[in-house]
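**Student:** Before I ask anything, here is the structure I am working with.
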Amino acid sequence: MTDSTEVKQRPDHLFKPGQSGNPNGRPKGSRNKLGEDFIAALQKDFEASGEAAIIAVRTEKPDAYLKVIASILPRELKITNESELTDEQLIERIRQLDSVIRPFLGA
């Protein structure tokens, strides 16, 4: 039986302090290879049937279609007011919109 306070010796085959397990490093491009292959496969599939797939999703699963659209929009939209309306112009536009939508509201 060995004493539990005895210092455990590392086998000689383990790495020495400061020595890398892979001195040559990862081969160039190996990290991205799977991602590049996946994107290439998606591109090939999209070229073959992408438009039809979009149409099918839009008609059969509109909720998924909207999720895709929302996911590609920028997180923050900057809205600027290009033209300042006077109060009179704003009231006139509201009246025009009211006359257009009133028939649809049954009023």
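Derivation of every value follows stated rules applied to the coordinates shown; laboratory data play no part. Because the structure is a prediction, the values reported are computed rather than measured. Please note: Cβ atoms are built from the backbone with ideal geometry, for glycine as well, and neighbour counts cover all protein chains shown.
**Student:** Note the count of lysine pairs whose C-alpha atoms are less than 28 angstrom apart in the chain, limited to pairs 8 or more residues apart or on different chains. Provide the component values of the computation, followed by the final result.
**Tutor:** Numbers: Lys8/Lys16; Lys16/Lys28; Lys28/Lys44; Lys33/Lys44; Lys44/Lys61; Lys44/Lys67; Lys67/Lys78.
Lysine pairs satisfying the spacing and distance rule in the chain number 7.
**Student:** Let me ask something else about it. Springs between alpha-carbon pairs under 10 angstrom, Gaussian network model over the chain: which of Gln19, Gln96, Gln43 fluctuates most?
**Tutor:** Gln96
**Student:** Please give the charge dipole size of the chain, origin at the Cα centre, charges +1 on K and R Cβ atoms and -1 on D and E Cβ atoms. Round to the nearest 20 debye. Don't skip to the answer; put the middle values down first.
**Tutor:** Working: 16 positive and 17 negative charges, 131 e Å.
Around 620 debye, computed over the chain.
**Student:** Considering the options Ile91, Phe104, Ile69, tell which one lies farthest towards the positive end of the dipole of the chain, charges being +1 on Lys and Arg and -1 on Asp and Glu at the Cβ, about the Cα centre.
**Tutor:** Of Ile91, Phe104, Ile69, it is Ile69.
**Student:** Residues with beta-carbon under 10 Å from that of Leu85, excluding Leu85: net charge, scoring Lys, Arg +1 and Asp, Glu -1? Write out the running numbers ahead of the final one.
**Tutor:** Details: positive: Arg93; negative: Glu84, Asp87, Glu88, Glu92.
Net charge around Leu85: -3.
**Student:** When you take every Cα atom in the chain, what is the radius of gyration, and what is Dmax, the widest Cα pair distance, in Å?
**Tutor:** When restricted to Cα atoms, the chain yields Rg and Dmax of 32.3, 98 Å.
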